[in-house]
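This report refers to the structure that appears directly beneath it.
Where a number appears in this text, it was derived from the coordinates with a stated rule and is not lab data. On a predicted model such as this, the values are computed, not experimentally measured, just so you know. Note that each Cβ is placed from the backbone with ideal geometry, even for glycine, and that neighbours are counted across all protein chains shown.
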Amino acid sequence: MLSKRVQTLSESITIAISSLAKEMKANGEDVISLSAGEPDFDTPKAIKDAAIEAMRKGCGKYTPIPGTNEVLKAIAIKLKRDNNLEYKPSQIITNVGAKHSLFNIIQCLIDEGDEVLIPAPYWVSYPEMTKYASGIPVILNTDESNGFKITAKQLKKAITTKTKLLMLNSPSNPCGTVYTKEDLLELAEVLKGTNIFIASDEIYEKVNYSGNFCATASVSKDMFKRTITINGLSKCGAMPGWRFGYMASANDELNKAVRKLQSQSTSNISSITQAGAIPALLGEVDDEIENMLKSYRERRDYLFKELNNIKGLKTLNPDGAFYLFINCKEIEEDSMKFCKRMLEEIKVATVPGVAFGLEGYFRVSFATDLESIKIATQRLQKFINNY
Ligand code: PMP
Ligand code: GLU
């Protein structure tokens, strides 16, 4: 009955585990969820007020497909102010979360047999979206010893005549890897003279502890042309349920195709969400974002220290995002088995490394209050002792 396309698609493991944890909690189980990449903070008041005000003023009509002039201008201002990127509002499209931006881009660029280079560990949806577009995910394995970054040499070796797109995610989910300007310039050198696009997923831009984030499109003119910048407010604006993502590209042919696809699928994103996003884009909630970052940093430092003290676990201190990607190979290679037992025996929900393309690791999200993190850490210590 179902299309072959959808039958080959796997469910998002991150969503499946966090939904299961929420369900267990609702059933009265004492579950601590370190599974979801979902900020525990409430959406800042200025965002809510702007949305309420827009509703009062009767914003309930359809908007243009890419978004209202106001929101597109606000995104252009944000990209110039924060990233020194000169996109015209006409080169920007809002989407139903960054996930939707990525889905649209892949659908519009990838044909059967086209290769998409995906550094691993990767965010769960990249290979699935590629396969859904009949493309071939080409996985570039990275190593802990190199901070989970791909190298220029590795990129060069992976390029074939079929390579169409490189996925870059910085700060990354699940490793928190941040590519510096120098790293990006090295990759840029390899890509010079090719027609390869880059989908640069910058959704964790402001969750950056070392201040070394650099927008991929900003490093050179050549990179500006080939890069599609993807961002949103699910993480940094603490508005995951509002569904606000956007893409910006200097390639007007691609932009036109995405608008066309969106006109036949979702149409515009929620008009209320667009209005709410404007103060965040204009920097009016930067103080709140700064406070969230302070909490994330405190939790990261706590977990980094405590988890490395547990015999058999090893983790790097991430430069960005709100995850630790923990090496548990000494205890268990099979990450699914490990995380399943952890959930059953100590009621702590985490995500197995296999979901991100790497066995022998598991991901802990610290987008959860420090008190819960402390209890989860104690339970984890006992779990490992008895494993
Ligand atoms: N990219 C990465 C790396 C993510 O972790 C997420 C989290 N869901 C997304 C994209 C999608 O973000 P959104 O919720 O805005 O769709
Ligand atoms: N990106 C988040 C995560 O990795 C949310 C879940 C999802 O969209 O996959 O947990």
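State, to one decimal in nm, how far the label point of Asn27 lies from the label point of Asn308, with both points 7 Å from Cα in the Cβ direction. Going from the Asn27 label point to the Asn308 one covers 3.8 nm. Pull out a ≥ b ≥ c, the square roots of the eigenvalues of the alpha-carbon gyration tensor of the range 51-123, then state rounded if a/c is under 1.5, prolate if not and a/b is larger than b/c, and oblate in the remaining case. Since a/c reaches 1.5 and a/b is larger than b/c, the shape of the range 51-123 is classed as prolate. Take 133-139, 284-290, 225-231 and order them by the average number of nearby Cβ atoms within 10 Å per residue, most first; the result is 225-231, 133-139, 284-290. Eigen-decomposition of the gyration tensor built on the alpha-carbon atoms of the range 188-241 gives equivalent ellipsoid semi-axes of 25, 13, 7 angstrom, largest listed first. Counting Lys and Arg as +1 and Asp and Glu as -1 over every other residue whose Cβ lies under 12 Å from the Cβ of Lys164, the net charge comes to -2. With the Cα gyration tensor of the range 242-387 giving a ≥ b ≥ c as the square roots of its eigenvalues, does the rule (a/c under 1.5 for rounded; else a/b larger than b/c for prolate; else oblate) give rounded, prolate or oblate? Here the range 242-387 falls in the prolate category. The charge dipole of the range 49-152, taken about the Cα centre with unit charges on the Cβ atoms of Lys, Arg (+1) and Asp, Glu (-1), comes to about 680 debye, rounded to the nearest 20. Counting only lysines at least 8 places from Lys311 when in the same chain, those with an alpha carbon closer than 22 Å to its own are Lys329, Lys337, Lys340, Lys347, Lys374, Lys382.
Each Lys and Arg adds +1 at its Cβ and each Asp and Glu adds -1 at its Cβ; summed about the Cα centre, the chain shows a dipole of about 680 debye. The sum of -39500 (n - 2.57) across all DSSP H runs of n ≥ 4, divided by the residue count of the chain, sets its helix-only mean residue ellipticity at 222 nm to -13000 deg cm²/dmol. Directionally averaged projected area (the range 169-307, Cα convex hull): 10.1 nm².
Dividing the mean sequence gap of close Cα pairs (under 8 Å, 6+ apart) by how many residues the range 276-387 holds gives a relative contact order of 23 percent.
Centre-to-centre, using Cα atoms only, the range 320-387 and the range 93-119 are separated by 30 Å. Sorted largest first, the principal axis extents computed over the alpha-carbon atoms of the range 1-96 equal 46, 40, 33 Å. Calculated from the alpha-carbon coordinates, the range 93-192 shows an Rg and a Dmax of 13.4, 38 Å respectively. Ranking Gly245, Thr194, Thr8 by how far each Cα lies toward the positive end of the dipole of the chain (charges on Cβ) leaves Thr194 at the top. The residue among Ala215, Ile75, Cys328 whose Cα reaches farthest toward the positive pole of the charge dipole of the chain, with charges on the beta-carbon of Lys, Arg, Asp and Glu, is Ile75. Bridging of Lys4 to lysines at a Cα separation below 20 Å is possible for Lys131, once same-chain residues fewer than 8 apart are set aside.
In plain terms, the bigger the Kirkwood radius, the slower the diffusion; for the chain, with that radius from Cα pairs, at 20 °C and 1.002 mPa s, Stokes-Einstein puts D at 100 µm²/s.
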